[in-house]
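Data first, discussion second: the structure below is written as structure tokens.
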Amino acid sequence: MSVSGVRGIIGDSMTPTLAAELGMAFGAHLDSGTVVVGRDSRPSGPMVQSALVGGLLSAGCKVVELGIVSTPGTALMIGELSAAGGVVITASHNPVQWNGIKFLTAQGCAPSPEVAESIFAAYRQKNFPLADVDRIGTIERDHSTHDQHLARVSRVVNVEAIRRRQLKVVLDSINGAGGVGGKMLLEHLGCRVVHINAEPHGRFAHTPEPTAENLTSLCSAVLENGADLGFAQDPDADRLAVVDNKGRYIGEEYTLVLAAKQVLSQHPGPVAVNLSTSRMIDDLVAQVGQGASVIRTAVGEANVVHAMLEHNCVLGGEGNGGVIDPRVVFVRDSFVAMGLVLNLLAGDWRPLSNVVDDLPSYVMLKQKVDLDRGGMKSWMDRVRMSVQGQMNNADGLRIDWPEGWVHVRPSNTEPIARIISEAKDAETARALAKRVTELR
Ligand code: MG
């Protein structure tokens, strides 16, 4: 259990009892309002959903089942149906033996840590209000999620301009929830689509996280088909990774930067990103100038969304391929990310590889170090005392220097700290990380 939801292993910790009781707790939290329920394509989805929906019905909720849909699709249906909240049954990029339950608020975004904690507290106390027979919940089904999503994305991109470019795209949907809607969107935008791992059966053709080592087949498919680019979704289709026309995995950090380049060219404004996100976004914003700015937040989707609302951001996201466009939905959305990347190419007739080569490039290194009890605080005190640099302590500590940055974050679950450093080259990134770790 964490602020971003509950995950467990099927046949072990993810039981129907857990799902039903979380349904009862969430139903009580929503005071028996309307709840939309979507799920990714995992074989365990029907089991988890049936139990969860039972819990919601017992609390008197009206449940609208959306079927196999993405996380952003579920989120936007909350608004479409004026629901009080939503639930997505997904374990995102985890392998097939996992499943999870993720709550969404009436605004269609991840709940704040306080709200998430109050739902879990109700679950732990097991003091569930049960509706009597006159107030027992009902189930409806709605199959319009993909159409609604396509319509929303179409409103924020130049459909005609993208169609004129007639791009050939390989889409890897990893047998997940994004395949059906993803193909619909790309075809609507006039793309010739080569769809791999399209069937939404949840028996993932490769390890589902859209990282370089898992996308070698997509990279080859782009080359073999002479495609203009490749897109990879994760199983619940909130994240997107991009492969360029040379079959090069360009990295999830670039997804947000390419999307931001498109949005800022038309709407220069603030962009919210977490503290672990690449400095490329700062360079881009500096280039745009007038009105554009970067707001850095604590790690976690809810924190980014909170900052977007507070600062009226034109875009938000994370360096893991998560792009949030407030005009579409307040969660990470691979569909709007695809639309924005294609829109960028439509306005810039060069191949994607040239567009990417023009962007600033950095090397980001990630490592973990063990921490003793209380070790983080005294370590960070020493860093503050002896290191010069611009510091941000919204989440762990991030130190920025002209040549790069380091972000140190203690784990919530293990006695370790994660250290991310970024600079123009690996040697500098390593040296910057060492400047901080040697004070431990
Ligand atoms: Mg995901």
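Things worth noting here:
- Here is how the number arises for the chain: DSSP H runs of 4 or more residues each give -39500 (n - 2.57), the sum is divided by the residue count, and the result at 222 nm is -11500 deg cm²/dmol.
- For the chain, the square roots of the Cα gyration tensor eigenvalues, ordered a ≥ b ≥ c, give a/c of at least 1.5 with a/b no greater than b/c, which places it in the oblate category.
- The calculated FRET efficiency for the pair ARG164 and VAL115, based on their C-beta separation and a Förster distance of 41 Å, comes to about 0.35.
- Taking 0.36 nm per residue of sequence separation and removing the Cα-Cα distance, the SER220/HIS188 pair yields an extension gain of 9.0 nm.
- Just checking the listed ones, LYS62, LYS377, LYS183: in the Gaussian network model of the chain with Cα springs under 10 Å, the one fluctuating most is LYS377.
- Take every DSSP beta bridge whose two residues both sit in the chain; close to 55 percent of them are antiparallel.
- Summing charges over neighbours of ILE250, with a neighbour being any other residue whose Cβ is under 15 Å away from its Cβ, gives -3 when K and R count +1 and D and E count -1.
- Annotation: the antiparallel percentage among DSSP beta bridges lying fully within the stretch 42-191 is about 50.
- Put in order of Cβ neighbour count within 10 Å, fewest first, the listed residues GLU422, GLU199 become GLU199, GLU422.
- Cα gyration tensor shape for the stretch 193-279, rounded if a/c is under 1.5, else prolate or oblate: prolate
- Between LEU130 and LEU309, the modelled labels are 3.4 nm apart [label points 7 Å from Cα along Cα→Cβ].
- Selected from MET380, MET338, MET364 as most flexible by GNM, with the chain as the system and alpha-carbon contacts under 10 Å: MET380
- Taking the DSSP beta bridges with both ends in the stretch 242-390, the antiparallel portion is around 35 percent.
- Fluctuation leader among THR90, THR211, THR15 - the chain, Gaussian network, Cα springs under 10 angstrom: THR15
- Over 28 Å between alpha carbons, listed pairs LYS102/LYS183; LYS183/LYS424; LYS261/LYS377; LYS102/LYS424; LYS62/LYS126; LYS246/LYS434: LYS183/LYS424; LYS261/LYS377; LYS102/LYS424; LYS246/LYS434
- Label-point gap, in nm, between LYS368 and ASP425 - each point 7 angstrom along Cα→Cβ: 3.1
- Overall form of the stretch 1-134 per C-alpha gyration tensor (a/c, 1.5; a/b vs b/c): rounded
- Label-to-label distance for ARG350 and LEU439 is 4.0 nm, based on points extended 7 Å past Cα in the beta-carbon direction.
Bear in mind that the values in this text are calculations on the coordinates, not laboratory data. Computed from a predicted model, the values in this text were never measured in an experiment. Note that each Cβ is placed from the backbone with ideal geometry, even for glycine, and that neighbours are counted across all protein chains shown.
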